[in-house]
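A short worksheet on the structure shown next.
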Amino acid sequence: MKLFRPTQKVSSALRGCLLGLSLLATATGALAQTRELSGSGTLLDRIAAIVNDGVVLNSQLDEQTEEITQRLRQQNTELPPRNVLRQQILERLVVEEIQMQRAGKLGIQVSDEMLNGALDDVAKRNNIGFADLPQALQQQGIDYRTFRDEIRRQMTLQLLRQRDVIARINVSPRELDQFMNRQLNAPDRNAEYNVSHILVSVPVSASPEQIEAREKRAQEVFDKATGGDDFAQLAVTYSDSSTNIEGGSLGWRRGSQLPSILAENIPKMKPGETSKPIRTPSGFHLFRLNEVRGGVQQSVVAQVHARHILLRTNDLEDDQTVEQKLNGIRARVVDGKEDFAAIAAVTSQDPGSAADGGDLGWAGPGSFVPEFEKQIDALGENEISKPFKTQYGWHIVQLLGRRKHDSTEDIRRQRAFAELREAKAEEETELWLRRLRDEAFVEYRM
């Protein structure tokens, strides 16, 4: 398995990078190898495809083919004919090159700071220090510079998808309510599903004859799947989706996180069952339900209701001066000479809460920085803290109440929004990639 697999599903690839450094050896070993040089110092390589004003090299295709072949063998997936597999991989590399060219034209760049943050995350999840990452990679035969370049590339693709697809997806309140109602009415709304997928794509400007031919092909694939052929093998051979090399695997998805075209169908399927071809603008889809498991349970959390006054230091008022000011405000409020909300509205420097008299509303664990939460935890109801300092400045905070709150509905709504957007994004990404590919000039040299 490859940590940073070049793929159109970039976010999945980046999540995959956190699985462990032991997974890197097979994936990036080939990338770390030095290209063979001729006696004159000329790089011995050939062009596999011309893509607009760029190229895909034969060495890239060889490396990807070797890696994916090893992975499929490890998964005990029967390999398609080598020429079929190489063509699938070459098309993926072509589409990735098109995306990188678009990112370059749009000025999308991953700064060294962003890249180092991602690499630091990899190091922490593998229980090593950031400074030790190059050595850990070297022990597995992986070149650190090449590894950095691959991570930067995958992050660039992720940013491009965020800009061109995710940011343009709109989820209206009505859609969200309808989506949640479907969840509530589904018998297994909290279940999770392990699903695989095959797409037989249809060109945007396809003729009726082309559509009929693609539908016939999808039906043939369905017949093979229901006739006992391995679904992963069929995906590698026939699918036009960006998940084809992974055997069509979509991984584990909550029922509400499934692509919208499956939302009402997959919960009714039995493990091992394959859906009939489903028509969408991008083509004909087949889905296989691999496994089912239980999902989200009721969530009751302790919440606090508090309000605060924030003052910051400046050139004229140091820490001691600001602390004395807050002590004076606290004393007047405790003596009943001032109203906390009224004085917060005119003196607090927190733009988010000053207009509401410093009211922070009901909040659960983790909503505030640790120093702030520590002060609240120590207060009794209506008690006001002494002045204390956080990264934002100096505060006094008053606890207004505590409660046990069933946040299941809040969590469900937040997740429903994210999952509805992601479900839309899956279909939109396929259409977006198809448009990019159709608009590009590609000449194969194989």
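Looking at the range 313-348 only, could you name the residues that are within 40 Å of the chain's Cα centre (by Cα) and within 15 Å of residue 372 (Cβ to Cβ)?
Across the range 313-348, the qualifying residue is only 348.
Can residue 206 be described as within 23 Å of residue 428 (Cβ to Cβ), modelled with pLDDT under 90 and of a type in the set (Gly, Ala, Ser)?
For residue 206, the condition - within 23 Å of residue 428 (Cβ to Cβ), modelled with pLDDT under 90 and of a type in the set (Gly, Ala, Ser) - is met.
So residue 85 clears everything in (1) more than 16 Å from residue 230 (Cβ to Cβ); (2) part of a helix (DSSP H, G or I); (3) at pLDDT 90 or above except one condition, right? Which one?
That leaves (1) as the condition not met.
Enumerate the strands (runs of 3 or more DSSP E) found wholly within the range 313-407, keeping only those where 1 or more residues are of a type outside the set (D, E, K, R) and under 20 Å from residue 301 (Cα atoms).
Numbers: elements: 359-363, 388-390, 393-406.
Where strands (runs of 3 or more DSSP E) fall fully within the range 313-407 and carry at least 1 residues being of a type outside the set (D, E, K, R) and under 20 Å from residue 301 (Cα atoms), they are 359-363, 393-406.
Considering only the range 126-167, how many residues are without any contact (Cβ under 8 Å) to a residue 60 or more places away in the chain, assigned to a helix (DSSP H, G or I) and not hydroxyl-bearing (Ser, Thr, Tyr)?
Matching residues across the range 126-167 total 15.
Being among the polar types (S, T, N, Q) and without any contact (Cβ under 8 Å) to a residue 12 or more places away in the chain: is that true of residue 58 here?
Here the answer is no, as residue 58 does not meet what is asked.
Being crowded, with 18+ Cβ neighbours inside 10 Å and either over 27 Å from the mean Cα position of the chain (by Cα) or modelled with pLDDT of 90 or more (or both) is the filter here; which residues of the range 187-200 pass it?
Of everything in the range 187-200, those that are crowded, with 18+ Cβ neighbours inside 10 Å and either over 27 Å from the mean Cα position of the chain (by Cα) or modelled with pLDDT of 90 or more (or both) turn out to be 195, 196, 197, 198, 199, 200.
Under 18 Å from the mean Cα position of the chain (by Cα) and of a type in the set (A, V, I, L, M) - does that describe any residue in the range 83-101?
Filtering the range 83-101 down to residues under 18 Å from the mean Cα position of the chain (by Cα) leaves 96, 99.
Keeping just the survivors that are of a type in the set (A, V, I, L, M) gives none.
Scanning the range 83-101, I find no residue that is under 18 Å from the mean Cα position of the chain (by Cα) and of a type in the set (A, V, I, L, M), so the answer is no.
Is it true that some residue in the range 180-196 is among the β-branched types (Val, Ile, Thr), in a loop (DSSP other than H, G, I, E, B), under 18 Å from residue 427 (Cα atoms) and in contact with a helix residue (DSSP H, G or I) (Cβ under 9 Å, 6 or more places away or on another chain)? Full working, then the answer.
As a first pass, look at the range 180-196 and keep what is among the β-branched types (Val, Ile, Thr): 195.
Checking which are in a loop (DSSP other than H, G, I, E, B) leaves us with none.
No, the range 180-196 contains no residue that is among the β-branched types (Val, Ile, Thr), in a loop (DSSP other than H, G, I, E, B), under 18 Å from residue 427 (Cα atoms) and in contact with a helix residue (DSSP H, G or I) (Cβ under 9 Å, 6 or more places away or on another chain).
Restricting attention to the range 118-156, report how many residues are more than 21 Å from residue 93 (Cα to Cα) and either of a type in the set (Lys, Arg) or touching a His at 6+ places or on another chain (Cβ under 6 Å) (or both).
Adding up the residues that qualify gives 2.
Could you tell me whether any residue of the range 88-99 is surrounded by fewer than 16 Cβ atoms within 10 Å (Cβ to Cβ), touching a residue at least 12 places away in the same chain (Cβ under 8 Å) and in the same structural domain as residue 55 (by TED's automatic domain parsing)?
We begin by selecting, within the range 88-99, every residue surrounded by fewer than 16 Cβ atoms within 10 Å (Cβ to Cβ); these are none.
No, every residue in the range 88-99 fails to be surrounded by fewer than 16 Cβ atoms within 10 Å (Cβ to Cβ), touching a residue at least 12 places away in the same chain (Cβ under 8 Å) and in the same structural domain as residue 55 (by TED's automatic domain parsing).
Please indicate, with yes or no, whether at least one residue in the range 232-251 is closer than 26 Å to residue 181 by Cα, in contact (Cβ under 8 Å) with a residue 12 or more places away in the chain and either in the same structural domain as residue 351 (by TED's automatic domain parsing) or crowded, with 18+ Cβ neighbours inside 10 Å (or both).
Let us first name the residues in the range 232-251 that are closer than 26 Å to residue 181 by Cα, namely 250-251.
From the residues that got through so far, the ones that are in contact (Cβ under 8 Å) with a residue 12 or more places away in the chain too are 250-251.
Next, only the ones that are either in the same structural domain as residue 351 (by TED's automatic domain parsing) or crowded, with 18+ Cβ neighbours inside 10 Å (or both) stay: 250.
Yes - at least one qualifying residue is present in the range 232-251.
The values are calculated or read from the model by the stated rules, or taken from the named source; none is laboratory data. Quick caveat, the model's predicted, so the values are computed rather than measured. For neighbour counting, all protein chains shown are included, and Cβ atoms are generated from backbone atoms with ideal geometry for every residue, glycine included.
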